[in-house]
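Participant: Quick one: the structure is below, questions incoming.
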There are 2 protein chains.
Amino acid sequence: MTATDTADQQSTRAKLEQMGRAARTAAKQIAAADTSTKNNALKAIAAQLETQRVSLLKANALDMQAGRERGLDAALLDRLELNDARIDGMIEGLVQVAELPDPVGEVEDLRYRPSGIQVGKMRVPLGVVGIIYESRPNVTIDAASLCLKSGNATILRGGSEALHSNKAIATCITAGLREAGLPETAVQVVDTTDRAAVGALITMPEYVDVIVPRGGTGLIERVSREARVPVIKHLHGVCHVYIDDRADLDKAFDIALNAKTHRYGVCNAMETLLVAEMVAADILPRLASAYEEKGVELRGCDRTREIIPHCVAATEDDWSEEYLAPVLSVRVVADMEAAMDHIACYGSGHTEAIVTQDYSRSRRFMSAVDASSVMINASTRFADGFEYGLGAEIGISTDKIHARGPVGLEGLTSQKWIVFGDGHIRQ
Amino acid sequence: MTATDTADQQSTRAKLEQMGRAARTAAKQIAAADTSTKNNALKAIAAQLETQRVSLLKANALDMQAGRERGLDAALLDRLELNDARIDGMIEGLVQVAELPDPVGEVEDLRYRPSGIQVGKMRVPLGVVGIIYESRPNVTIDAASLCLKSGNATILRGGSEALHSNKAIATCITAGLREAGLPETAVQVVDTTDRAAVGALITMPEYVDVIVPRGGTGLIERVSREARVPVIKHLHGVCHVYIDDRADLDKAFDIALNAKTHRYGVCNAMETLLVAEMVAADILPRLASAYEEKGVELRGCDRTREIIPHCVAATEDDWSEEYLAPVLSVRVVADMEAAMDHIACYGSGHTEAIVTQDYSRSRRFMSAVDASSVMINASTRFADGFEYGLGAEIGISTDKIHARGPVGLEGLTSQKWIVFGDGHIRQ
């Protein structure tokens, strides 16, 4: 490390700390903002995106060109791209978040206690949320809108390859906040590509209350390792569907096909199919043809390969792999207990599904499997904030502490205890 | 550090890892245990304590003697002591926890979604809970019983000065678990006084899901700094009562007296009294005599000292001090906003109370003050798991993430999403 590097890092840290202080101040104002003010800001930001369409596309074109020059692959370029449909999506997202009920101030379980006091819990913002994400510029709007609605200030650190796009989006956000009379520093976008910015953001517990990293395993592991503030992290999704010998095989076929082929590059796609040995010879050939038609490569255990001869052999590594691609590992297991053992050993705690018509087994699977979502006779693809009715999600947590599974507005809040007395003292 | 130190530390780490693995295995069994099995274990442990009274007192006498020889102060010796009344308290605590509703498996918000799936949340144990505490041996039973009831395995690391007592209590716990047919390793007590045990316990994310440190600021800061697993921490309680100029001064008198003098060495005792200037001359002299009678030393701001001449001057440090003693700092403030500014600046986010008859101010104070408990016209001493109806508490969290305020059974659990379908696939 040269002296210049260190000086740069120090100046980046100083800059982040300044943003942190501004966020702390804004957090108080945004926490106190009433529902209609927050909704007005969301709608004003939507209107800004509409007005600034041309400049957004221009800024994004700069990023796309730089990306092509740097040799980004097609998938990354696709995620980086903004077009009219995606801007429409961001606008619609803002309007949807504005329509969600305001979680702040919601009071739960207010009850009288034998002492005469009345005790309950009130939902409150967390304070300042730091979000670190990679290429997709629309995350800037998703994250900003959820944090705003939940009364939090936000510091957003997007990928360096999307810097022009994110700055253009930030201009819209700032204008929208100003229009609604909210502090512009309620949402701040880090406008440096210095990697030290991430290091600074995750080590300022005095200014940042929680970090949400969204991106590849490398980013999330780094953040988890180095953070000095709590992290709501989504590590990866190695999701299973287990077809029980008491399954309705038509339902099983539909679910296994949907869970793998509805979309490939998503964390709630099935990566390993487990099949009870008693029905393997019946269901696997039908599924294999359907997968073949969709271009899905199968990697199977020995018993799978006896049934589907053209299937390649799965290695030990395959069972823990998150393919995010048209690849599926397949294992024939003795029964549900063996399937649950496989899931406990190789699953990532994201989403696990069973297909069965058996009442007792459905209850046992649901209570015993340790994952953020456990499903009976439904496709793993349903594990999603919109599908669950959260309205939107800032990520899917594979942690158990604080927020688990799809994280919406509620995951960005905390609850404080409230006590009403009338001169009550403790005896 | 000598070579021997390092070898000792390595063997301590190896030992803790072995306990961790055993806890992980036990966690699965305890998570699946039904309510009556867990309750039977709690009652069997209570019966063991009753039977083993003499050996518990003998073991404790060894700790007390060693403590006296090491010159522990009276307060520490008092916390360390077991006597018949305290053993009765532990037995009663176990019975109370057995009577609490079982949180595990509780399903919330089960609703149909437009897609046809039915989505809800099921309460589940966290897994393995590590508890690090100082002298009081009764924490061993409190912590073990709450973790057991919430379906978690526990590793308990008590203070070295209580080692004999804790080992004797551990024998009762093990016997109780065995009697109920639960794995003995569901509750493990670390039986080494090596400080490296704490270092190992807080850096094994593969075996421990959350750490609850209970003790002095030094311990908690060390754990927070070094832990590689989530920490539910209780840092300190600098609690305020603000007497508004629209307060009923009789209620104010009772609450201010109770909040300070009901017990001194507790985190929910008031440490600073804030009084609106318009009523200061009326209420402060009355309170000052009452405090004087109880032997409470007052440290005041200049305006307080004009009203109570014998009051010593508070320094800047007094405003952030958790006295845990018959000492109270007093400040006269212009109004509620000034009181809230003082609280935001010096409070520790534990418990804050206002005494007022004003409707709008009570609403503003309750929503704007950022603390784990906010109270209107009630003594801060109510901030407690028993008073709030949690049945018991494993600690009071001053964090915002996961659990805030008194942490009972619910704070030792998480929720997973559950989905019921009938062949549903995502469109």
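Values in this text are rule-based calculations from the coordinates and carry no lab data. Nothing here was measured: the structure is a model prediction, and the numbers come from that model. Neighbour counts run over all protein chains shown; Cβ positions are idealised from the backbone, glycine included.
Participant: Rank A:I132, A:I354, A:I87 by mean-square fluctuation in a GNM of chain A with C-alpha springs under 10 angstrom and give only the top-ranked residue.
Facilitator: Result: A:I87 has the largest fluctuation of those listed.
Participant: Please work out which residue of chain B brings its Cβ closest to the axis of the rotation superposing B onto A, and round that distance to whole Å.
Facilitator: B:H402, 2
Participant: Please report the relative contact order for chain A, taking Cα pairs under 8 Å with a sequence separation of at least 6, and give it as a percent rounded to a whole number. Don't skip to the end; give the middle numbers.
Facilitator: Values: 871 pairs, mean separation 76.4, N = 427.
Contact order relative to length: 18 percent.
Participant: Above 18 angstrom, tally the Cα pairs of the range B:1-148 and express them as a % of all pairs, no decimals.
Facilitator: The calculated P(r) of the range B:1-148 puts 72 percent of pairs beyond 18 Å.
Participant: Continuing with the same structure: At R0 = 51 Å, how high is the FRET efficiency between B:A32 and A:D73 if r is their beta carbon distance? Nearest 0.05 is fine.
Facilitator: Numbers: r = 45 Å, r/R0 = 0.89.
E between B:A32 and A:D73, to the nearest 0.05, is 0.65.
Participant: Now, a different point. Taking a spot 7 Å from the Cα of A:A290 along the direction of its beta carbon, which residues of the range A:365-389 have an amide N less than 16 Å from it?
Facilitator: A:377-382
Participant: Oh, and also: Report the convex hull volume per residue for the range B:190-236, counting only C-alpha atoms, in Å³.
Facilitator: Details: hull volume 3.4 nm³, N = 47.
Measuring per residue, one finds 73 Å³ for the Cα hull of the range B:190-236.
Participant: Right, something else. Could you tell me which of A:C301, B:C172, B:S115 has its Cα farthest along the dipole of the protein assembly as shown towards the positive end, charges placed at Cβ (Lys, Arg +1; Asp, Glu -1), taken about the Cα centre?
Facilitator: Among A:C301, B:C172, B:S115, the one farthest towards the positive end of the dipole of the protein assembly as shown is A:C301.
Participant: How big is the charge dipole of the range B:322-419 about its Cα centre, in debye rounded to the nearest 20, if each Lys and Arg gets +1 on its Cβ and each Asp and Glu gets -1 on its Cβ? Mind showing how you got there, number by number?
Facilitator: Values: 8 positive and 12 negative charges, 38 e Å.
It comes to approximately 180 debye.
Participant: Along the positive direction of the dipole of chain B (beta-carbon charges: Lys, Arg +1; Asp, Glu -1; about the Cα centre), which of B:A314, B:I30, B:V231 reaches farthest?
Facilitator: Toward the positive end, the furthest listed residue is B:I30.
Participant: Okay, moving on. Express as a percent, rounded to the nearest 5, the fraction of DSSP beta bridges in chain B (both residues included) that run antiparallel. Before the final figure, lay out each step's value.
Facilitator: Details: 15 of 53 bridges.
Among the beta bridges of chain B, antiparallel pairing accounts for roughly 30 percent.
Participant: Let me ask something else about it. Report the extension gain between A:D317 and A:V95 in nm, rounded to one decimal, defined as 0.36 nm multiplied by the number of residues separating them, less their alpha carbon distance.
Facilitator: Details: separation 222, 0.36 × 222 = 79.92 nm, distance 4.36 nm.
This chain segment gains 75.6 nm when fully extended.
Participant: Helix by helix through chain B, keep the DSSP H runs that span 20 Å or more along the axis on Cα and average at least 0.5 on Kyte-Doolittle, and give those back in order.
Facilitator: Values: long enough: B:3-32 (44 Å, -0.78); B:35-51 (24 Å, -0.32); B:53-69 (24 Å, -0.31); B:84-99 (23 Å, 0.24); B:163-179 (24 Å, 0.19); B:277-294 (26 Å, -0.04).
Span-like helices in chain B: none at all.
Participant: Let me understand the range A:301-402 better: what is its radius of gyration from the alpha carbons, and its Dmax, in angstrom?
Facilitator: 15.3, 46
Participant: Hey, what number do you get for chain B at 222 nm if only DSSP H runs of n ≥ 4 count, each worth -39500 (n - 2.57), divided across all residues, to the nearest 500?
Facilitator: Working: 14 runs with 190 residues, N = 427.
Using -39500 (n - 2.57) per qualifying helix, the result is -14000 deg cm²/dmol.
Participant: Within a Cβ distance under 13 Å of A:V279, other residues only, what is the Lys/Arg minus Asp/Glu net charge?
Facilitator: Net of charged neighbours comes to -4.
Participant: Just the Cα atoms of the protein assembly as shown: what Rg and Dmax do they give in Å?
Facilitator: Rg, Dmax (Cα atoms, Å): 28.8, 95.
Participant: Hey, another quick one. Quick one: Kirkwood hydrodynamic radius for the range A:212-355, alpha-carbon pairs, angstrom, one decimal? Mind showing how you got there, number by number?
Facilitator: Details: mean 1/r = 0.0640 Å⁻¹.
Hydrodynamic radius (Kirkwood, Cα pairs) of the range A:212-355 is 15.6 Å.
Participant: Related question: Sort shortest first the distances from A:D84 to its counterpart in every other copy, using label points 7 Å along the Cα-to-beta-carbon line, and give them in nm.
Facilitator: Output for A:D84: 8.8 nm, nearest copy listed first.
Participant: Moving to a separate point now. With the cut-off at 27 Å, report for the range A:69-202 the share of all Cα pairs above it, as a whole percent. Please report the intermediate quantities before stating the final value.
Facilitator: Working: 2811 of 8911 pairs.
For the range A:69-202, the fraction of Cα-Cα distances above 27 Å is 32 percent.
Participant: Can I ask one more? Taking the Cα centre of the range A:239-387 as the origin, how large is its charge dipole in debye, to the nearest 20, when only Lys and Arg (+1) and Asp and Glu (-1) carry charge on their Cβ atoms?
Facilitator: On the way: 14 positive and 26 negative charges, 60 e Å.
Once rounded to the nearest 20, the dipole reads 280 debye.
Participant: Rounded to the nearest 0.05, what FRET efficiency do A:D8 and A:V266 have when you use their Cβ-Cβ distance and R0 = 51 Å? Before the final figure, lay out each step's value.
Facilitator: Values: r = 37 Å, r/R0 = 0.73.
Calculated value: 0.85.
Participant: Pick out, from B:A290, B:G347, B:A325, the residue whose Cα sits farthest towards the positive end of the charge dipole of the range B:239-387, with +1 on the Cβ of Lys and Arg and -1 on the Cβ of Asp and Glu.
Facilitator: B:A290
Participant: Using Cα centres only, tell me the gap between the range A:282-344 and the range B:350-427 in whole Å.
Facilitator: 46
Participant: Let me ask another. Quick one: if the Förster radius is 41 Å, what FRET efficiency do A:R303 and A:A66 give, using the C-beta to C-beta distance and rounding to 0.05? Write down the numbers at each step before the final one.
Facilitator: Working: r = 50 Å, r/R0 = 1.22.
The computed FRET efficiency comes out at 0.25.
Participant: Shortest first and in nm to one decimal, what separations exist between B:R53 and its copies in the other chains, measuring from label points 7 Å along the Cα-to-beta-carbon line?
Facilitator: Label point to label point, same position, other copies: 8.4 nm.
Participant: Oh, and also: Please report how far the C-alpha centroid of the range B:129-185 lies from that of the range B:189-255, rounded to the nearest whole angstrom.
Facilitator: If we compute the Cα centre of each part, the gap is 19 Å.
Participant: What are the distances, in nm and sorted shortest first, from the label point of A:T171 to the label points of the same position in each other copy, with each label point placed 7 Å from Cα along the Cα-to-Cβ direction?
Facilitator: 7.7
Participant: While we're on this one: Just how large is the dipole of the range B:115-222 about the Cα centre, in debye to the nearest 20, putting +1 at every Lys and Arg Cβ and -1 at every Asp and Glu Cβ?
Facilitator: Numbers: 10 positive and 10 negative charges, 56 e Å.
Roughly 280 debye for the range B:115-222.
Participant: Identify all aspartates and glutamates with a Cα-Cα distance to B:K15 below 13 Å; exclude those on the same chain that are fewer than 8 residues away in sequence.
Facilitator: Cross-link targets: B:D191, B:D194.
Participant: Just tell me which lysines come within less than 20 Å, Cα to Cα, of B:K121; anything on the same chain fewer than 8 places away is out.
Facilitator: A:K121, A:K233, A:K400, B:K28, B:K149, B:K416
Participant: So what is Rg over Rh here for the range A:288-355, counting just Cα atoms and using Kirkwood for Rh?
Facilitator: Working: Rg = 12.2 Å, Rh = 12.8 Å.
On the Cα set of the range A:288-355, Rg over Rh gives 0.95.
Participant: How much length is gained if the chain between B:L249 and B:E226 is pulled fully straight, taking 0.36 nm per residue apart and subtracting their Cα-Cα distance, in nm to one decimal?
Facilitator: Working it through step by step, the gained length comes to 3.6 nm.
Participant: What does the convex hull of the Cα atoms come to per residue for chain B, in Å³?
Facilitator: On the way: hull volume 78.1 nm³, N = 427.
Convex hull of Cα atoms, per residue: 183 Å³.
Participant: Follow-up question, since we're still on this one. Once you place label points 7 Å from the Cα toward the Cβ at B:K58 and B:A281, how far apart are they in nm?
Facilitator: The modelled label-to-label distance comes out at 6.9 nm.
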